[in-house]
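Only the coordinates and a few stated rules stand behind these numbers; no lab work does. Keep in mind it's a predicted model, so treat the numbers as computed, not measured. Positions of Cβ are generated from backbone atoms using ideal geometry, with glycine treated the same way; all protein chains shown enter the neighbour counts.
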Amino acid sequence: MERRKRGRPRRTVPVVRKKTEEKDKYWLRAFHKYMRREYPRLREGLSVLERQFWEFVLSREGTPGKDSQSESCRFASYGKAYKDYIFSHMTYMHLFRRWFLNIGSPQLSLKYEPQSEVYVQLHDYALRLLSLPNTDAPDLSELDKEALVTSLLSLG
């Protein structure tokens, strides 16, 4: 390795650094793919407001980067505004947590070697995402808990 007179020594192994938006895209796209399949089964146990939220989020209009008919709900990217919006809904946070623990984390270990740098970055990011300050236990009184649990357990 060539010795430099100033600055840090040059790295011999390239370091993989993912941008926050790339990590958001990875997790949120995977979760949305799952929810598009599972939403019809969960729909009946949701309140009218929760259904409206999920139908928007899972629609083309609610997907970041897509053209939207509604200017007030447009999200140009998987950035902070979009993440704040979706995680401000308790059902989203609750379902995302369950999905991550039961499906998302195991799928990540199938895609990346568990000790690899990319795996560690994505996994740690998801864990931090799940521990946002507004993640108090959600009030699931309006959800059909039995249907929700049955659906989540049948994912295996």
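General observations
- The phi-based Karplus calculation (6.51 cos²θ - 1.76 cosθ + 1.60; θ = phi - 60°) puts the 3J(HN,Hα) values of region 82-97 at 5, 5, 4, 5, 5, 7, 7, 9, 4, 5, 5, 4, 5, 5, 5, 4 Hz, whole numbers, x for Gly and Pro.
- Over all other residues within a Cβ to Cβ distance under 9 Å of GLN121, the charged ones net out to +1, with Lys and Arg as +1 and Asp and Glu as -1.
- Footprinting exposure proxy for VAL57, VAL48, VAL120 (fewest neighbouring C-beta atoms within 10 Å first): VAL48, VAL120, VAL57
- Estimated vicinal HN-Hα couplings, Hz - region 104-114 in sequence order (Karplus 6.51, -1.76, 1.60; Gly, Pro = x): x, 5, x, 5, 4, 5, 7, 7, 10, 4, x
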